[in-house]
Amino acid sequence: HIGIYTRILLVLLLDAGARPTPKDMKLWVDLVRYLKRGAKGGALTFFTYMELTIWLVLFHIVRPDRLPWLPFVLFGWGVLPKSAK
């Protein structure tokens, strides 16, 4: 889990075009709160790997411009330090 979350954060830091707008961020938070309103662990606790998978797929489908980053998010491929290029 932590590797996927870290690479998603890196995508948002490295590519300004992949960042969500404030309106999209608020919509995402409101949607998660609504869907998990009865969860024992709170809105940010994942129930299963399936939920993580759905979240990961939606992250890329909602914004198709993030698709080139998919191999990096899943496997860590495609981003090299400047000295290696």
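The values are calculated or read from the model by the stated rules, or taken from the named source; none is laboratory data. This structure is a prediction, so every number in the text was calculated from the model and none was measured. When we count neighbours, we look across all protein chains shown, and the Cβ atoms used for this are built from the backbone with ideal geometry, even at glycine. Note: areas computed on protein heavy atoms with side chains; ligands, DNA, RNA excluded. Shrake-Rupley method; radii C 1.70, N 1.55, O 1.52, S 1.80 Å.
For this structure, a couple of remarks:
- The lysine pair tally for the chain, using Cα distances under 28 Å and a gap of 8 or more places or different chains, is 4.
- Computed over Cα pairs, the Kirkwood radius of the chain leads via Stokes-Einstein (0.692 mPa s, 37 °C) to a diffusion coefficient of 230 µm² per second.
- Listed residues Arg37, Arg66, Arg19 arranged by accessible area, highest first, probe 1.4 Å: Arg37, Arg19, Arg66
- Longest site-free stretch - the chain; sites: chymotrypsin sites (Phe, Trp or Tyr not before Pro), DSSP loop, at most 12 other Cβ within 10 Å: 1-46
- Solvent exposure, largest accessible area first (probe 1.4 Å, DNA, RNA and ligands not counted), of Val57, Val62, Val73, Val32: Val62, Val57, Val32, Val73
- Net charge, Leu56 excluded, C-beta distance under 12 Å - Lys, Arg +1, Asp, Glu -1: +1
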